[in-house]
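Just so you know, all these numbers are worked out from the coordinates, no wet-lab data involved. Just so it is clear, the structure is predicted and the values come from calculations on it, not from any experiment. Counting neighbours? That spans all protein chains shown, and the Cβs are built from the backbone with ideal geometry, glycine included.
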């Protein structure tokens with residue numbers, strides 16, 4: 001399927017919208033890294049907040065101090081969560097298993 005042809009105005013709007021989304025995601029990850037927000041509170045809001053919901057679970061976990069790529073991969077495998085899963089796509093059992101594993 002071919003991509004739709006966008007007018008210059010539509011393209012500019014799409015680029016601006018993408019920049020806003022990237023900035024919001026960056027601020028979210030920075031707040032997790034600094035300790036302002038916990039993973040439990042962030043995952044609890046994943047269904048309502050589009051920024052959180054569209055962020056990959058692995059990226060959220062990597063923002064937690066003390067968790068790197070290897071620990072995150074092991075944690076996701078232990079809880080049975082696909083590494084490409086987005087936060088809004090987590091089920092209740094997966095979310096609670098992940099939070100329990102972190103505590």
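Data overview
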{"read-out": "Prolate/oblate/rounded call for region 12-54, Cα gyration tensor, a/c under 1.5 rounded", "value": "oblate"}
{"read-out": "Taking the chain and dividing mean pair separation by its residue count, relative contact order in percent (alpha carbons under 8 Å, at least six apart)", "value": "24"}
{"read-out": "The chain: angle of helix 8-34 to the longest principal axis, Cα-based, in degrees nearest 10", "value": "20"}
{"read-out": "Zone residues, region 83-103, relative to residue 40, backbone N less than 15 Å from point 7 Å out along Cα-to-Cβ", "value": "95-103"}
{"read-out": "Bins of 5 Å, starting at 0 and running to the largest distance - Cα pair percent for the chain", "value": "2, 12, 21, 22, 16, 9, 7, 7, 4, 1"}
{"read-out": "Cα-based helix-to-principal-axis angle, 69-79 vs the chain, degrees rounded to 10", "value": "70"}
{"read-out": "Ordering of 57-63, 82-88 by burial proxy (mean other Cβ atoms within 10 Å per residue, highest first)", "value": "57-63, 82-88"}
